[in-house]
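Structure first, commentary second.
Each reported figure results from applying straightforward, stated rules to the coordinates on display, with no laboratory input. This structure is a prediction, so every number in the text was calculated from the model and none was measured. Ideal geometry is used to build each Cβ from the backbone, glycine not excepted, and the neighbour counts take in all protein chains shown.
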């Protein structure tokens, strides 16, 4: 079972490092420069997250052979490089989105590389997809990631980027807990430090009052959430329903932007944004707890010499 105190320490470390990086890059004593805030946020979140991962003892192996290794050594660095480059492409948005398109298209194939889903293994028990299924599923995953990326970026233009980043932190933290409850302990433990790093950067953004610069780190948080849900769904027991609820949660921040809600003040709309994000996350947590309790019950039909599974066994299933 995951060590709750160690998870807390890793999350605090991630949050503090991310917040310090954003504050130093933004330089609150002077007029902040958007590219520096974006770069500081990207490096701060990535650095804080990796520090938390190191404290948890989940450092990746090289060469990357498993899903978590590929997340930490390929997908995460790719997003960091792309978003740092995008920080200087403000007058060429088409170039920035072309780079993001490449990340969105490649994230799921990289995470699923070498798995039974893409291996093409034959046999009665094989789970490999056909070429048509592979193209359809990977295409849908990439399209969903890019579409949400664009929608959240647009939402961050309408309100403070810090609020959108905080909603991503809520969804990511919930995803980590749900994945742990779904039988993938080590994969789920990546969620809390990433959520804490996003939250630390968001709180620092409120201090800076800098919305535009923090738009650049949304991609890192969103791709991180997407990657956690992919590995939880295809390498753990995360249900499609819970994955969809968690992934869509930040998008509910668009509801307070509807015309008939515009009369509310900005503070109330920000609170509504966060409250709406919590709802699907809470629903996913409820479903996961129910499934966990059900799976932990002793099976009356088991042979007399069988060893009953405990909640600890269920949480520790996986890597």
Worksheet item: Mind checking the log10 I(q)/I(0) for segment 140-294 at q = 0.14 Å⁻¹? Debye, one equal scatterer per Cα, no solvent, two decimals.
Response: -0.63
Fill in: Taking 177, 81 and counting other C-beta atoms within 10 Å, the order from fewest to most
81, 177
Fill in: Label point 7 Å beyond Cα of residue 294 along Cβ direction - residues of segment 234-267 with amide nitrogen under 20 Å
234-246
Worksheet, complete the sentence: Both in Å, the radius of gyration and Dmax of the C-alpha trace of segment 146-194 are 13.1, 39
Item to complete: Would you calculate the separation in nanometres between label points at residue 81 and residue 268, each defined as 7 Å from the Cα along the Cα-to-beta-carbon direction?
Response: 4.8 nm
Worksheet, complete the sentence: For segment 43-155, inverting the pair-averaged 1/r of distinct alpha-carbon atoms gives a Kirkwood value in Å of 16.0 Å
Worksheet item: Got a sec? How would 80, 116, 223 order by Cβ neighbour count within 10 Å, fewest to most?
Response: 116, 80, 223
Practice prompt. Divide the volume of the convex hull of the Cα atoms of segment 220-300 by its number of residues and quote the answer in cubic angstrom per residue.
Written response: 109 Å³
